[in-house]
Structure formats: structure tokens, C-alpha cells
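One structure is given here, and the rest of the page talks about it.
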Amino acid sequence: MSQQPHVLVIDDEPQILRAVRTILTAKHFRVSVAARGEEGLTLAAAEQPDLIILDLTLPDLDGIEVCRRLREWTQVPIIVLSVRDTERDKVAALDRGADDYLTKPFGIEELLARIRVALRHSAQSKASGPAVVRSGSLEIDLAEYRVTRSGVEVRLTATEFKLLAHLAAHAGRVLTHHAILTEVWGPEYAEHVEYLRVYMRQLRKKLEADPEHPEILTTEPGIGYRFITDA
Amino acid sequence: MPRRVRLPSTEQAAGLTAALILTAAATAALYFLRDWLETETVALLYLLPVGFSTALWGLWPGIGSAILAFFALNYFFVPPFFTLTVIQPKDLVALAVFLVVAVVISQLLGRARANMASAQSREREAVAVSELAAALVGLRDQDQILRSVGEKSFVAFRAQCTLITLRNEPGRQAVAFRLPASAPMPTTRPTISAPIQGMHGLLGEISLWLPHEPAGEAQARMLRTYATQTALALERAALAQAETRARILEQSDALKSAILSSVSHELRTPLATIKASVSSLRSGEVDWESEARLDLLAAVEEETDLLNHLVGNLLDSSRLEAGSLRPQRSWNVLAEIVRSVIVRMKTALRRNSLAVDVSEDLPLVPVDFVQLEQVFANLISNSVKYSPPGTLITIRATADEPGRLRVEVGNEGPQVREEDLERIFDRFYRVTAADRVMGTGLGLSICKGIVEAHGGRIWAQNVPGGLVFVFTLPLVLDGAAPLAG
């Protein structure tokens, strides 16, 4: 990664492009823009950006399709933008390899925070990922299958650990219900959100300071879960 | 159509035979009585079998009887007996007069009989047609009309098969109705058929397959009447439908202008705030570090959120109207939904205090996360809007009733008159005058639409010191409880 992270924005609305370009440039990002899906795919291949911001409604291609085609050859982090109309599409985009999402209209701090998390995550995954993930007083040793809270070991069942490990391994990223269920329980359980709900409740009781207001295992409304890690 | 000369049918042949037998029998009887009767009397008595024959079997048997009577009279009763020779001129005249009289009587009686038969058949037709008209009068549905006509004609004509076809037209597919539906389609040509002629052209055709071929003129006429009645009924139905459509359009037009006026008012208010704040910030009149600047910026953000909420409600409302707001239900934790709404509505809620009693341990509830969020957002924003600043807004959920979750969103705002409690869930219905309170009047109607699409119920009730919205949600999805938990 060069000193100035390079962000490619694919969106067909000129106002959004203008606003995002102005703000990101002010925050010392290098910014390229594309108004169409095909153009975005070409630019992504030619310029190899560090991150792609992708609107789901494009004039020529479906944003989900752009996501799928990008994932055929690159692991560059993708943040999808959706409006309320395409709310359900963003789950499909996340399932096809997008890393995060934002619902329009969004605050610029939110966008910057998501960009930072995505860039950090991509840097970490290039370095083959840490064996120990930390969040507050919680420490998860993925190699040793050990979880401690303020130094005290927390006893987890096999499924609980598998679930926690999967979330922690993708710390900072949104994981959809579908993706988590497929990975942890198996494809035949992909639609059984109720398993996930029950296990998340148990995990929060064991790991969170206040299970009613989780700060480590957060809910992404209607989409899935996210493991919040320290910087 | 030229009147057809009908060949004697078997029925007529039988009638003729019977007439001849009757006349022969009369001859035998008169022959026994010939010593007591005069020739003139015999001739008069011969008119009896002629008359009976005509009355019973029709014109041709009557005439047959008259001719036979003429020869029998000549042969047996006019001297010289047992020959057809006539000697006396007065006998010749008498015989000739007899023949003429017999034939004339036959004709008169025959015509009367035919008239009576045709009057009876017309009466039957008239009854059948008026029955059909009565059956069709209330029908507004094309399929019902076709079924009714099909059944009536099937019975009235004693048909083997009835087929009604309607042509393909703009706004209507080609339709065929057949009775009996289970029997195979006849391969022969229909016995009779009649076009269903509408005001603006041919609508279709009624065809009948009858057991006795060919069909008579009366049947053809009756079928034409059926076809006319069918055309009338179909056009009446089309007219009624067009009228309904026009009324719906008119209503939706009224609704659209109501939305437009309400929405333009609602959208303009936050836009005015944003415009004023931003332009004063850009003008340089507001000090860069002042508190006023922060206030203006906060106002811009707040009003933007409000605009977004409004647009969301508009979208949901049009989806409700189009019937496309189908919930994608999956098992959710109610507490998470409530938490997410409260985070989203932090700014809107800052003037009120909030008490939440929604346990994490409530059973999982099968709902569309995004839609249920919208229900809470609308109920909360309604509560904030109508209750004084500083008052308490409560959210609580219980699962005391079996198979159902009960959620309450309460506020300490003014109570609503009993008769308005139900109407506040109607679109654009407001208890307060529109200019005093913000909102499009859509929020509660959307809540109702969403909750009902989930199989639940929503209502409002007055409680001491405030108003509470209550809704219930079923705890089963497709008739099943969650697999785990």
C-alpha cells in the first residue's frame, strides 16, 4: 500500500461522487470514480485500488454482479452503498464477497470509519491474520482454542467457540446470517437464523460486560453480526 | 329463410294411419245402422271422424280421413251400393258438398291446432327467456354469466352439449365455456348456433348439439334470444367494471393529491431549515467557533434524518398500496430490534425520557427486521410528536399470552377520543389540525399495514395520563415454532 490509500468509487449519481471525492481527497485519499459498472470493473483492473466503494444501483450492471465479478480475481475490500429500496440487495452483495455496507444517506464519519476498518482488515489478511484477537478485556487465541476475559479462562462449548472464532477471524467485517450459518453449521442450516440467535445470546452472556448492550458482538440490523476488535 | 315444405314424418304417418282406422271404424258402425239412417244423416255423421282426426293428429290425417269418408259414403251409402258409380245428380252434388265441407273443416281445425301448438311453444320460450333474463340480471362477472347461460340453455334445449365462446378482445382473453365440462368436445358441427352480438361488434357465439336433428325455426329463434340476453348481460358487466375502475382511479387520484399536498408541506419544512442553516454558515456571518455554528449544523443533520424518515414512510406507503410490502420473516430477537431503533432515533428522543422493558430472554419472534424497525420508529416518532417535552415514553414487551408477543409503546401525551381511536390508523387521518403537528399522516397506517402483514393486530388505547399503542405478533412462522431455543 502506498502512503496515500487509493479508493475507487463506483456510483452513478454525480452528487454522491462529487461529495465523496471532495471529502476523501481532503482526508488524503487518492480517489478514482466510475459512473458505470463496466467502467468500474475496467478501472479496478487497471488501477488496482486499495478499496472499492460500490453503489448497488448502477445503470448498466447490477451492483451484486459487479461484486461477484470483482471477487473472481481480487480480494480488495468492497464497501457497498444501498438505499432503502435496495436494502435486501446488500445482503446478497455481502454474501457474494462484499466486506461492509452503508445505507444512504450516511454520515461521513461513518464512511471514514468503515474505510479505516476495511483497509486494516485487508492489511491483516495479507499478513495471514493474527493468531490472537483482542477486544477490550477479551482475548481469543485462535490457534490454542482458548478464550480469556480479564485473564480468566471462559469455558465455551465446541459450537460456541467455532462461532466466536469465525467472527473473530473476520473481525471488523459484517458477516451475514447466511454466511455464518453456512460456515459454522453447514449449508443445510443456512436459513435457520434461530440457531444463530440462540448461540449469540449465549456467547454474549459469557463474554459481554452488559449482554443487553453488546460491545464486542454487535448486531447488524437485519443483516448479521460483526466482531468489534481493538485497533 | 323460405319456409320449408316438410316431408311427412313418422309421427304424421302414424297420425294418418290412425285417422284412416278411425274412419274405417266409423264406416263399420254406420254400415250396421244404415237401415235406420238416411244418407244425409250418414254424411253428417261422417264429419265426426274427420273432425276428430284433424283435432287429434293434424291437418293431413284430417284430409286423409275426409277423402276416405268420401269414398266410403259413395261406396256403402249412396245407391247403387257397393260401386263408386253415382246415378242421381242430387247425390253427386251431396257427395261433392260433403268432400268440400270435410276438407274445409279439416283445414280450419288443423290451423287452430297448429296455432295452439305454436302459442304453447311461444309461451314455453317466453318463460325460458324470462327465466334467463332474471338469472342474468344480478350478474357482474363474465364467468358467472357464461355459466348461467350455459346451464339454462343446456336444460331448455335438452342439449347434449353446449358451447359458449367469447372472442379475444382488448382487455379480454378468448374464453370458452362448455357443458358438460367433463364430456369430450363433440367432433360434429353444432346443430344450431347463434352469434352473441354486442353494441360494438361480435362478442362470441353460442353453439348447441341437440339429440334430434335438425333444429326447428322456433329453437333457432329462442337461441337468438338467448344470445341477445347474453350480449346484454356481458355488456352490462363490462360497463359496471369500467365504472368501478373509474371510481378507484378517482379515489386514488384524490389520495395522490392528498399525499402530494401533505408531502410537499412536510418536505419543505426540513428543507427550509437546512437551506437557512447552510446558507448562513456559508455567508461567513456565523463565527467559525461559536455555539451558533454547532446548533446550525446539528439542525441540518437532524432535519436530514427527518427527511430520510419521511421518504422511507412514503416508500412503504406506496408499497402497501401496491400490495408489495411483503415481510421477509425470520427469527429475530425483539430486544435487538428495539435497541437498533433507539440508536437510530437518538436525536429525536432527546426531549423525552425513555423506559425500555424488553427482555433479551423473550421468545424469538418471526418478523422482518427492517419492517418492524419501521413500526417502532413510527410509533416512537408519533409519541414524541404528540407528548410534551420531558415526559416519559415507555416500550415494553411481554409473552404472557400463549403463541403471541404483546408490545406496548406508551406516552404521556393527550388522550384520543374513543371514536377516533380506530381512525388514527387511517391514512392522512389526524386528530389535531395538520398545521399544528408535523407529519404526513402516514406513519400509523404503515404500522397497521406491517403488523397485519405479520399476522398481528394493532390498536391504541387511552390509559390514565396518556395513550398507549399496543400490537401483537404471532410467535409461529408457517405454523411452526423455531427449531432451536
For the stretch B:272-308 versus the stretch A:171-228, the gap between their alpha-carbon centres in whole angstrom | 39
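Taking the Cβ of A:Asp99 as the centre, find all other residues whose Cβ is under 13 Å away and add up their charges (Lys, Arg: +1; Asp, Glu: -1).
Around A:Asp99, the surrounding residues sum to +4.
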So what does the Cα-only Debye profile of the protein assembly as shown read at q = 0.06, 0.07, 0.09 Å⁻¹, as log10 I(q)/I(0), no solvent term?
-> -0.60, -0.71, -0.98
With a cut-off of at most 16 other beta carbons within 10 Å, and DSSP calling the residue loop, which chymotrypsin sites (Phe, Trp or Tyr not before Pro) in the stretch A:98-177 qualify? Please list them.
-> A:Phe106, A:Tyr145
What average number of partner chain Cβ atoms lie no more than 10 Å from the Cβ of the residues making up B:330-340?
-> 5
Listed peptides B:468-478, B:390-400, B:368-378 by packing density, highest first (mean Cβ within 10 Å) | B:368-378, B:468-478, B:390-400
The stretch A:3-31-the stretch B:74-120 distance, computed between alpha-carbon centres (Å) = 120
Rounded if a/c is under 1.5, else prolate if a/b is larger than b/c, else oblate: which is the stretch A:6-126, with a ≥ b ≥ c the root eigenvalues of its Cα gyration tensor?
-> rounded
Filter the trypsin sites (Lys or Arg not before Pro) in the stretch B:325-365 down to the DSSP loop ones having no more than 12 other Cβ atoms within 10 Å, then list what survives.
-> B:Lys346
Most mobile listed residue (A:Thr57, A:Thr219, A:Thr42) in chain A, GNM with C-alpha springs under 10 Å | A:Thr42
Net charge contributed by nearby residues that have their C-beta within less than 12 Å of B:Ala355 (K/R +1, D/E -1) | -2
How high is the relative contact order of chain B, in percent, counting Cα pairs under 8 Å that sit 6 or more residues apart?
-> 8
Any chance you could get the radius of gyration and Dmax over the Cα atoms of the stretch B:276-400, in Å?
-> 18.2, 60
FRET efficiency, 1/(1 + (r/R0)^6) with R0 30 Å, evaluated for B:Ala355 and A:Glu215 via beta carbons | 0.85
Select from A:Thr22, A:Ala131, B:Ala112 the residue farthest towards the positive end of the dipole of the protein assembly as shown; place +1 on Cβ of Lys and Arg, -1 on Cβ of Asp and Glu, and compute about the Cα centre.
-> B:Ala112
Calculate for chain B the 222 nm mean residue ellipticity that helices alone would give, adding -39,500 (n - 2.57) per DSSP H run of length 4 or more and normalising by residue count, nearest 500 deg cm²/dmol.
-> -19000 deg cm²/dmol
Local electrostatic count, B:Gly390, Cβ distance below 12 Å [Lys/Arg +1, Asp/Glu -1] | +1
Arrange the following residues from fewest to most other Cβ atoms within 10 Å of their Cβ: A:Ile108, A:Ile10.
-> A:Ile108, A:Ile10
How far apart, in nm, are two points set 7 Å out from the Cα along the Cα-to-Cβ line at B:Thr225 and at B:Thr39?
-> 5.4
Per-residue ellipticity at 222 nm attributable to helices in chain A (runs of n ≥ 4 DSSP H, -39500 (n - 2.57) apiece, nearest 500 deg cm²/dmol) works out to -13000 deg cm²/dmol
Listed here are the pairs A:Lys90/B:Lys346; B:Lys385/B:Lys448; A:Lys104/B:Lys346; A:Lys162/A:Lys206; which of them are more than 20 Å apart at the Cα?
-> A:Lys90/B:Lys346
A correct fewest-to-most ranking of B:Val97, A:Val154, A:Val147 by other Cβ atoms within 10 Å would be B:Val97, A:Val154, A:Val147
Averaged over A:208-215, how many beta carbons belonging to a partner chain fall within 10 Å of each residue's beta carbon?
-> 2
For B:362-374, mean number of other protein chain Cβ atoms within 10 Å = 2
Calculate the spin-label point distance for B:Phe32 paired with B:Lys346, positioning each point 7 Å from the Cα along the beta-carbon direction, and give it in nanometres.
-> 12.7
Cβ-based exposure ranking for B:Met222, B:Met345, A:Met200, B:Met116, in which fewest neighbours within 10 Å come first = B:Met116, B:Met345, A:Met200, B:Met222
If contacts are Cα pairs under 8 angstrom and at least 6 residues apart, what is the relative contact order of chain A in percent?
-> 13
Average Cα contact separation per residue, the stretch A:155-213, under 8 Å, 6 or more apart, as relative contact order % | 26
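None of the figures in this text is laboratory data; all of them are computed from the coordinates on show. The structure displayed is predicted, hence computed values, not measured ones. A quick note on method: Cβ atoms are made from the backbone with ideal geometry, for glycine too, and the neighbour counts reach across all protein chains shown.
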